[in-house]
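The values are calculated or read from the model by the stated rules, or taken from the named source; none is laboratory data. Nothing here was measured: the structure is a model prediction, and the numbers come from that model. Methodologically, a virtual Cβ is constructed for each residue, glycine included, from the backbone with ideal geometry; neighbour enumeration extends over all protein chains shown.
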Amino acid sequence: MKKVLSIGVVAALGIACIVAINGCQPNRMTPERALAAREVELKLDQTEREQMKEEQNAASTAPLERAPLPEGYNGGKAPKDATLTAPDTFKVQFVCSNGNFVVECHRDWAPIGVDRFYNLVVQGFFNEARFFRVLPGFVVQFGINGDPALMGQWRDATIQDEAVKQGNRRGTLTFAKSSMPNSRSTQLFINLNDNSAGLDPQGFSAFGEVIDGMNVVESISAKYGEKPNQMMIQEQGNAYLQPNFPEMDYIKEAYIAQ
């Protein structure tokens, strides 16, 4: 009802403007009248976009309950503290600036990658991390910690490659890597399309998939594309990203869910 009323009010105001400009000659289209009509159309489009965004955020999945910290976790945040073995399957709740989504991980898909991801989530590594690379129809990438001091400890903490058992289909979660062998560390991406044909042969091993909130993943802002300089992110963290890319979406918190 609010949507109908708001659009009706905007339309009525627009009609009033047109009448004021053109007097009582409804059949005469003048440049001024055309401009006023265009302004009404733009206002309606903006109103609808804002309402659609509000509806999308409201419809995003409610956060799942947090699981207790696993036994054996010592509270550390360095690579040396990443010694936990992940469960066979588990869920991770992402609470983000644009909504929420849930990833389910499968250790039998890529056990080395899953163990690394599990430890990073338990340590809170992804909290406040930005989605710094967003390419619509391809991937959304994250995994550089906003604190350069902490990120510096993880930069060279790489893990071994492993066989690709699951394709990089839409919604799957995969570690990013360079062309060098055994170069996976903390950066990950979510596939926004079926990228199996291009990424599977390169050895990108998917280990999880979005099971709720894929619409939220696809609505992550792509405004900045690949503009952020990854070296600058590594060196300055969020102190570089926040002032230079203020509308970049980010992870408020990621945790193991029950």
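Residue under question is residue 150, and the condition is that it be touching a Phe, Trp or Tyr at 6+ places or on another chain (Cβ under 7 Å) and among the hydrophobic types (A, V, I, L, M, F, W, C); does it hold? Give the derivation first.
Working: touching a Phe, Trp or Tyr at 6+ places or on another chain (Cβ under 7 Å): no; among the hydrophobic types (A, V, I, L, M, F, W, C): yes.
Criteria not met by residue 150.
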*Spot the failing condition for residue 202; the list is (1) free of Cβ contacts under 8 Å to residues at least 40 places away in the same chain; (2) closer than 14 Å to residue 109 by Cβ, and only one is missed.*
(2)
_Test for residue 189: is it closer than 21 Å to residue 111 by Cα and in a loop (DSSP other than H, G, I, E, B)_ = no
_Unmet requirement for residue 62, which otherwise passes all of (1) touching a helix residue (DSSP H, G or I) at 6+ places or on another chain (Cβ under 8 Å); (2) hydrophobic (A, V, I, L, M, F, W, C); (3) modelled with pLDDT of 65 or more_ = (1)
_So, residue 178, is that one within 30 Å of residue 76 (Cβ to Cβ) and either buried (at least 16 other Cβ atoms within 10 Å of the Cβ) or of a type in the set (Lys, Arg) (or both) or not?_
no
*Return the residue satisfying two criteria in turn: it lies in segment 220-253 and is surrounded by 20 or more Cβ atoms within 10 Å (Cβ to Cβ) and in contact with a Gly (Cβ under 8 Å, 6 or more places away or on another chain), and of such residues it is nearest to residue 100 (Cα to Cα).*
241
_Some residue of segment 96-109 being hydrophobic (A, V, I, L, M, F, W, C), touching a residue at least 60 places away in the same chain (Cβ under 8 Å) and not in a strand (DSSP E or B)_ = yes
*Regarding residue 164, is this residue touching a strand residue (DSSP E or B) at 6+ places or on another chain (Cβ under 9 Å), among the aliphatic types (A, V, I, L, M), without any contact (Cβ under 8 Å) to a residue 60 or more places away in the chain and more than 27 Å from residue 66 (Cα to Cα)?*
yes
*In segment 189-232, how many are hydrophobic (A, V, I, L, M, F, W, C) and under 23 Å from residue 248 (Cβ atoms)?*
11
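Pick from 111, 87, 136: which is assigned by TED's automatic domain parsing to the domain that holds residue 228, under 23 Å from the mean Cα position of the chain (by Cα) and at negative phi?
136
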*Would it be correct to say that residue 157 is in a loop (DSSP other than H, G, I, E, B), surrounded by fewer than 20 Cβ atoms within 10 Å (Cβ to Cβ), of a type in the set (A, V, I, L, M, F, W, C) and in the same structural domain as residue 171 (by TED's automatic domain parsing)?*
yes
